[in-house]
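The values are calculated or read from the model by the stated rules, or taken from the named source; none is laboratory data. Keep in mind the model is a prediction, meaning the values are calculated, not measured. Quick reminder, even Gly has a Cβ in these numbers, built from the backbone with ideal geometry, and neighbours come from all protein chains shown. Areas reflect the complete protein model, heavy atoms only, side chains present, ligands, DNA and RNA absent. Shrake-Rupley method; radii C 1.70, N 1.55, O 1.52, S 1.80 Å.
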Amino acid sequence: MTEASSAAGFTPAAADASAAILIEKLNLWYGDFQALLDVDLRVRAGAITSLIGPSGCGKTTLLRSVNRINERLGYVRTTGSIRLWGLDVLDPSVEVAQLRKQVGMVFQRPNPLLLSVRDNVLFGTRVHLPDGRPPNRVEGDRIVEEALRQVLLWDELKDSLDRRGTELSLEQQQKLCIARLLPVKPRLLLMDEPCSALDPAGTEAVEELIWKLRGDYTILIVTHNMAQARRASEECVFMLLGEIIEHSDTASMFLNPANDQTAAYIEGRYG
Amino acid sequence: MSEVAHAADRRDAAWWIDRVVQILVLAGGLSAIVFIAGIFVFITREGAGFVFDRFDFREFFGSPRWTPTSSHNPTYGALALIAGTASVTGLAMVVSVPFSLGAAIYIGEFATGRVRETLKVLVELLAAIPSVVWGFIGLSIMNPLIIQTFDVPVGLNVLNAGVILGLMAAPIMTTIAEDALKAVPDTYREAAEAMGATRWQVTFKVVLPAARNGLVAATLLGVGRGFGETMAVLMASGHSINLPTSPFDSVRALTATIAAELGETAAGSDHYQALFTLGIFLFLVTFAINFAADVFVRGGQRKRRRRGRRPAASANP
Amino acid sequence: MIQNKGSDTLVNVAQAWAEEYAALRPGTAVAVTGGGSGTGIAAMINGTVDIANSSRKMKDSEIELARGNGNEPIEFVVGYDALAVYVHPDNPMDEISLEQLAALYGEGGDIDSWSQYGVEVPGCGSDEIVRVSRQNNSGTYVYFREAVLGDRRDFRLGSRDMHGSKDVVDLVENTPCAIGYSGFAYATDHVKMPCVRKGEDGDCVSPSVDSAIDGSYPIARPLFMYTSGQPEGVIREYIDWVLSDEGQCIIYEKGYAPRGDVDCS
C-alpha cells in the first residue's frame, strides 16, 4: 500500500503547467465511515483527467469534494486541503456559490431544471449576474446561442428554445446540462459518469463533445467505462478503497500499469 | 386475476383473503361515491321546492336582504351572505398563504432534523384545535384586542374572522404545500446548487416553479376550508347582515346562517328550503374549488409522468 | 320516559324540573334537550316529542301543520321571562323607552349613535351603536319583534345576531359600544340593565322577577309547554307538578317569574 500511495505523487511530464487542482492529505468521513484516506492529487490544467476504480472506491466522493457539493448531505467531515489555482476550497470563508461558479458539474443522470431550454442555459447568469444584473433579451439570445453551439445542440434546438429541458432526449439533456455551465465561464468541469444513462450513440456524441472542450476547460471525469477513460482522457487516476493507487498519463496506464491492482482492474479481473 | 387462480387451481387462505380485502376496499371506494351522491341528492331534494317555486335569481344573488322570518314580507337575498363568506375567506387567504407557504418552505427546504420534526408536529397540532375553540378565541380574545388596537366599536368583524380562519386553514395548506415541495425531485436542487445557486435561489427559482401546481392546489384547498368553515366564523364574524366595505365591518357567512337558523326552522317551510338552497350553492362552490385543486394536482402529476416517460422511450430506440 | 325538547331560554329550568322530579318520582324519567323553540315546535309537529318547550306562541301555520299530522297542540303557560336590555357597565344610560328601542332595532329606524340618545359612552370613541340581536327564528327574537317593533315591522339588517342568550350578554360585556336584549336570567355582574319605559311618560321599570310577575315590566313574555292532545297519565302528572307551587318555585329560583303568586320561602 505504501508503495501504491507513493504512486499518487507521480508527476506527469506536462506538470510544468500550473496545476488546476492540488489536493493534499484529503481525508473524508461519512459519519463514522472513512471514504477517502490521505488522498494527494495534482490535476493538470487544461487536460482531461479520468478517475477510475471499482464501485465504492471513493472516486465520486473525491469529485464531489472539489465543489463541496458533498456537504449537502450534512454528515460529511473533511480534513486536508484542496486548492484550485491556489484557492483553498475547504477554507470556511470560501463562498460556495463563488466556488461553484468556477467549477461546473455534470451529473450521472441528466438533470436539466424544470424550465425551458433557454432558461436552463441562462440559469447561471441569473444566479451569478456576471454584469451585476441579469442579461437582457439580446444578450440572453447571444449567450444561449453561443452555449448551445459549443455543445453542438444549436442546430437541433434553435427552434425549440421554449421547450422544457426535461422533455428532450437524454443525450440532448446531458448536452444541455453541459451547455448551462458555460455562460458563467467556469475553469473546471467535474463530470460524474456523464454517459452512464445514455445509449451507445448518445455516449459517443457526449464523449466527442467532452473531447472538444479539452483545452478550454480543465476536466475531471469519473467513469466506470475503461474504454471511455482510454478514449476520452489524457491522464488517468486509479482509486481503490478510498486511496489513489496509481496516476499516470492514460496511454501508459493502459499499456503498462505500474501497480498489480491497477493491472488487475484494467484487465477486468474485478470491479 | 380469478382466471389465473383458476388456471393454477390454488384457492388457499391467501387467495380468499385477497378476494375479501379487494371487495372491502372496493366497497370503501364506492361508498365515497355513494355518500357524496347521497348528500347531493338529499340537499337538492330538501331545497328543490324553493328552487322551483320561490327562487328569484335576481333577489338571491342581487339583494342583501335576508329576512326569511319576516311576518309580512319574507325576502331571501343571499348577496350579503355571499359577500360575507367571500370577504372573510379572502382575508383568510391573505393571512394564511404567506404564513403557510413560508412555513412549508422553511420546513421543507431549510429546517433539518429536530427543528423540522418539531415544527411538523406543531403544525399538525394546530390543525387539531377544534373549530369552536377558534371561535371562542375570536369572541373573547380577538374581539377586545381589535377594539382596543383599532378603536372600533366592535371586534367581531371580517378582520377577526379572517385571521381566525387564516390560522385554521394554515395547517392543511402548510402540510399540502410541504408535500408539493417534497415531491420536487432532489436532483433539481442538487443541479442548481452545483451551479452556485444559494439555498434561497434554489427555492425561489427552481423548487417553487416546479411545485407550482401543488402549491396552487394547497391554496385552493385552503380556500375550500375557509368557505366551508362554520362555527368559528359564526362566532367571530359578528353574524351581521352587511355588505362589508372595510375589514372592520361585521358580516355574516353562508355556513353560519345555515348553522344558526336550520335548527329552529320547521321542516318543509320556505325558510327551511331556502337554507337548503344556500346549502346547494355552498356545495357547488366547494365542489368547484376542490375539483379545480384536483385538476391542478393531476395536471402536475401527468406532466411529471410524461416527462419521465418520453426521454426513457427515446433512450431505447 | 318523557321526551322534552325545545327553547334554550327554558332549557336550564326544564333540566332543573326534570332532576327534581326524578328525585320525587323515581319511576318517571324526563329527557330534556334544548335546540331552541323552533326545534321543539318542529318536533311537536312531527310527533317525536311528548312536551315541547317554547319561549314564543306557536304560529297558526305551525298548529295547522301539527293537526295535519294528527297532533293537536295543547298550550300551557309555565312562567314568564323578563327580556332585559343590556348595555356595557361603563355606559351611563339608565333608562330607555320602547320607542327608542324601536327606532334603533326596527326597519327604517334612524338611531345609529349614542349621542342621539344623549349619552356619551366611555371607551366607545366611534359613538356608533353596536346592535346585538338574536338569530332570526329564536323565540327571543320573535317575541322582541312583537313586543317592541309591532306585528308589521321587521328588524333592521346589520345587527350582530348571536346564537344564544348567553352570547348576547358575553358580547355586550366586552363591547363598550354595544346594546343587546336577552333573558333576564342571563344577567351577570358585568353588564348593566337600564330600566324600560313604555311611552314617553310611562314608569321606567327595571327588569326583575317581581316586575315580570306583576306585569309592570313591558317586555316580559310567557314561556310555554306544548303537549300533543290533552296530556294523560305520567305526562299529565308531570305538567301538573310543573304548574304546582313546588314546580313554580324552581322556575322562580332560576330567575324567571312564576305564573302567579307562590310562596317559596
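Hey, could you check segment B:192-227 for residues that are in contact (Cβ under 8 Å) with a residue 12 or more places away in the chain and among the β-branched types (V, I, T) and say which is farthest from the other protein chains (Cβ to nearest Cβ)?
Only one residue tops the list, namely B:V223.
Any residue in segment C:226-239 that is within 30 Å of C:S97 (Cβ to Cβ), assigned to a helix (DSSP H, G or I) and either open to solvent by less than 40 Å² (accessible area, probe 1.4 Å) or touching a strand residue (DSSP E or B) at 6+ places or on another chain (Cβ under 8 Å) (or both)?
No, segment C:226-239 has no match at all.
Would you mind finding the one in A:L170, A:L181, A:L190 that is within 10 Å of another protein chain (Cβ to nearest Cβ), buried (at least 24 other Cβ atoms within 10 Å of the Cβ) and touching a Lys or Arg at 6+ places or on another chain (Cβ under 9 Å)?
Of the residues listed, the single one that is within 10 Å of another protein chain (Cβ to nearest Cβ), buried (at least 24 other Cβ atoms within 10 Å of the Cβ) and touching a Lys or Arg at 6+ places or on another chain (Cβ under 9 Å) is A:L190.
Results for (1) assigned to a strand (DSSP E or B); (2) out of contact with any Lys or Arg (no Cβ under 7 Å at 6 or more places or on another chain); (3) among the hydroxyl-bearing types (S, T, Y); (4) modelled with pLDDT under 95, shown as yes or no for each residue.
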{"site": "C:T33", "(1), (2), (3), (4)": "yes, no, yes, yes"}
{"site": "C:G40", "(1), (2), (3), (4)": "no, no, no, yes"}
{"site": "C:L65", "(1), (2), (3), (4)": "no, yes, no, yes"}
{"site": "C:L101", "(1), (2), (3), (4)": "no, yes, no, yes"}
{"site": "C:S115", "(1), (2), (3), (4)": "no, yes, yes, yes"}
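Note down all Cβ pairs under 9 Å where the first residue falls in segment B:115-127 and is touching a residue at least 12 places away in the same chain (Cβ under 8 Å), the second is open to solvent by 70 Å² or more (accessible area, probe 1.4 Å), and they're at least six residues apart or on different chains.
B:L119/B:Y106
So how many residues does segment A:99-147 have that are more than 7 Å from chain B (Cβ to nearest Cβ), closer than 30 Å to A:T79 by Cβ, of a type outside the set (A, V, I, L, M, F, W, C) and not in a strand (DSSP E or B)?
2
Those residues that are free of Cβ contacts under 8 Å to residues at least 60 places away in the same chain and open to solvent by less than 50 Å² (accessible area, probe 1.4 Å), I need them from segment A:62-77; list them, please.
Let us first name the residues in segment A:62-77 that are free of Cβ contacts under 8 Å to residues at least 60 places away in the same chain, namely A:65, A:68-77.
If the condition is that a residue be free of Cβ contacts under 8 Å to residues at least 60 places away in the same chain and open to solvent by less than 50 Å² (accessible area, probe 1.4 Å), then A:S65, A:R68, A:I69, A:N70, A:V76 are the ones that fit.
From A:V151, A:V89, A:V106, A:V127, which residue is in contact (Cβ under 8 Å) with a residue 12 or more places away in the chain, closer than 28 Å to B:R212 by Cα and open to solvent by less than 10 Å² (accessible area, probe 1.4 Å)? Don't jump to the end; show me each part of the working.
Working: A:V151 fails: closer than 28 Å to B:R212 by Cα; A:V89 fails: closer than 28 Å to B:R212 by Cα; A:V127 fails: open to solvent by less than 10 Å² (accessible area, probe 1.4 Å).
Matching residue, one of A:V151, A:V89, A:V106, A:V127: A:V106.
Identify the residue in segment C:204-215 that is modelled with pLDDT of 90 or more and part of a loop (DSSP other than H, G, I, E, B) and, among all such residues, is most open to solvent (accessible area, probe 1.4 Å).
Taking segment C:204-215 first, the residues modelled with pLDDT of 90 or more are C:204-207.
This time we only want the ones that are part of a loop (DSSP other than H, G, I, E, B), so: C:206-207.
Values: C:S206: 66, C:P207: 11 Å².
Selected residue: C:S206.
Take segment B:246-284 and flag every residue that is part of a helix (DSSP H, G or I) and open to solvent by 30 Å² or more (accessible area, probe 1.4 Å). Reasoning before the result, please.
Here is the first cut: in segment B:246-284, the ones part of a helix (DSSP H, G or I) are B:254-262, B:270-284.
B:I258, B:A259, B:L262, B:D270, B:Y272, B:Q273, B:F281, B:F283, B:L284, listed by residue number.
Across segment B:76-88, which residue is most open to solvent (accessible area, probe 1.4 Å) among those that are more than 21 Å from the chain's Cα centre (by Cα) and more than 9 Å from every other protein chain (Cβ to nearest Cβ)? Can you show your working first?
Step one: filter segment B:76-88 for residues more than 21 Å from the chain's Cα centre (by Cα), giving B:76-80.
Add one more test, that the residue is more than 9 Å from every other protein chain (Cβ to nearest Cβ), and what stays is B:76-79.
Working: B:Y76: 6, B:G77: 0, B:A78: 0, B:L79: 52 Å².
Going through the qualifying residues, I end up with B:L79.
Do we have any residue at all in segment C:183-197 that's within 14 Å of chain B (Cβ to nearest Cβ), buried (at least 19 other Cβ atoms within 10 Å of the Cβ) and either in a strand (DSSP E or B) or in contact (Cβ under 8 Å) with a residue 12 or more places away in the chain (or both)?
Looking for residues that are within 14 Å of chain B (Cβ to nearest Cβ), buried (at least 19 other Cβ atoms within 10 Å of the Cβ) and either in a strand (DSSP E or B) or in contact (Cβ under 8 Å) with a residue 12 or more places away in the chain (or both), one finds none in segment C:183-197, hence no.
Between B:L243, B:L234, B:L215, which is over 23 Å from B:V51 (Cβ atoms) and open to solvent by 30 Å² or more (accessible area, probe 1.4 Å)? Don't jump to the end; show me each part of the working.
Working: B:L234 fails: open to solvent by 30 Å² or more (accessible area, probe 1.4 Å); B:L215 fails: open to solvent by 30 Å² or more (accessible area, probe 1.4 Å).
Result of the check over B:L243, B:L234, B:L215: B:L243.
I'd like the residue in segment C:156-176 that is of a type in the set (K, R) and more than 7 Å from every other protein chain (Cβ to nearest Cβ) and, out of all such residues, is farthest from C:S37 (Cα to Cα). Don't jump to the end; show me each part of the working.
Within segment C:156-176, the subset of a type in the set (K, R) is C:156, C:160, C:166.
Now restrict to residues that are more than 7 Å from every other protein chain (Cβ to nearest Cβ): C:156, C:166.
Details: C:R156: 22, C:K166: 16 Å.
Only one residue fits best here, namely C:R156.
What's the number of the condition C:E64 fails, among (1) in contact with a helix residue (DSSP H, G or I) (Cβ under 6 Å, 6 or more places away or on another chain); (2) open to solvent by 20 Å² or more (accessible area, probe 1.4 Å)?
Evaluating C:E64 over (1) in contact with a helix residue (DSSP H, G or I) (Cβ under 6 Å, 6 or more places away or on another chain); (2) open to solvent by 20 Å² or more (accessible area, probe 1.4 Å) leaves (1) as the failure.
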